[in-house]
Amino acid sequence: MLKTLRDLFDNLRAPSPDAGPEALEHALQLATAVMLVEVMRADASFAPSEREVVRKALGEKFRLADDEAARLAELAEATAREATDLYSFTSRINAAFDMAQKLRMVEFMWQVAYADGRLSEHERHVMWRIADLLHVPQGAYVHARLRAQLRAGEGGGT
């Protein structure tokens, strides 16, 4: 299984320019999943609620079954641990997503950040960094945060 996971990781991380649409879609899914996982990894502990929000977001965004979303999240965690930068992932997202799709993704990331009931400074910083790399305007970024707060029942300004 580890070899299969590693093969999948290698294929998804850098598909060749002549790769088929399925390989490119999988690479986009992985890039999106890594951004969600980066928010989860930003604080000292991984709460089960954060992992669940990541899986649900991936399932909703890409219409994946629960087991597929779980496997993608697991692969994203392994990929994030080995990544040296975020640009290779955000550039793939920038090339494929329009602004509405990026905003929905930022909202999903905020949901991950709020899933454990608190927002750390590290999570806030990672969110800002990713949103900046995705060229999300500040106002839209703030509105995505407010929508995620309302959804999480926060309502306040942590």
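The values are calculated or read from the model by the stated rules, or taken from the named source; none is laboratory data. A quick note: this is a predicted structure, and the numbers were derived from the prediction, not measured. Note that each Cβ is placed from the backbone with ideal geometry, even for glycine, and that neighbours are counted across all protein chains shown.
What the table shows:
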{"item": "Counted residues, segment 123-158 - those being assigned to a loop (DSSP other than H, G, I, E, B), over 16 Å from Phe108 (Cβ atoms) and either modelled with pLDDT under 90 or more than 17 Å from the chain's Cα centre (by Cα) (or both)", "result": "6"}
{"item": "Residue match in segment 93-110 (condition: at pLDDT below 95, of a type outside the set (S, T, N, Q), in a loop (DSSP other than H, G, I, E, B) and farther than 16 Å from Met127 by Cα)", "result": "no"}
{"item": "From the options Ala73, Ala113, Ala80, residue that is assigned to a helix (DSSP H, G or I), modelled with pLDDT of 95 or more and small (Gly, Ala, Ser)", "result": "Ala73"}
{"item": "Among the residues listed as Ala76, Ala65, Ala95, the single one being out of contact with any Pro (no Cβ under 7 Å at 6 or more places or on another chain), of a type in the set (Gly, Ala, Ser) and surrounded by 13 or more Cβ atoms within 10 Å (Cβ to Cβ)", "result": "Ala76"}
{"item": "Restricting segment 4-55 to residues that are in a helix (DSSP H, G or I), of a type in the set (A, V, I, L, M) and over 18 Å from Ala83 (Cβ atoms), the residue that is modelled with the highest pLDDT", "result": "Val53"}
{"item": "Residue in segment 98-111 that is without any contact (Cβ under 8 Å) to a residue 24 or more places away in the chain, over 19 Å from Lys56 (Cβ atoms) and surrounded by 14 or more Cβ atoms within 10 Å (Cβ to Cβ) present", "result": "no"}
